[in-house]
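Scroll down for the structure; my scribbles are underneath it.
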Amino acid sequence: MLETCHGAAGNRWANFVAVDYYKRSEGGGSFQAVDMLNGKLLCGCDNIHACVDGNSSQACSPH
């Protein structure tokens, strides 16, 4: 869903995620969405856990 919103917003990432905690998820849910969004905003990686310490742009560690 984040990719869809990113494309619809002219390739800009959102600065918030609205979450319905009562809705079931088949995937990673709200936590995975927040990890992805933070990764994209902070270092350009697909996940915040892939960002390399001390770098701010496109420095992703393989996971």
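So Thr4 clears everything in (1) among the hydroxyl-bearing types (Ser, Thr, Tyr); (2) surrounded by fewer than 10 Cβ atoms within 10 Å (Cβ to Cβ); (3) in a loop (DSSP other than H, G, I, E, B) except one condition, right? Which one?
With (1) among the hydroxyl-bearing types (Ser, Thr, Tyr); (2) surrounded by fewer than 10 Cβ atoms within 10 Å (Cβ to Cβ); (3) in a loop (DSSP other than H, G, I, E, B) applied to Thr4, the lone miss is (3).
Provide a single number: the residues in the range 14-63 that are among the acidic types (Asp, Glu), surrounded by 12 or more Cβ atoms within 10 Å (Cβ to Cβ) and in a loop (DSSP other than H, G, I, E, B).
1
Every number here is computed from the coordinates shown, using simple stated rules; none is lab data. Please read all numbers here as calculations on a predicted model, not as lab measurements. As a convention, Cβ positions derive from the backbone with ideal geometry for all residues, glycine included, and neighbour counts pool all protein chains shown.
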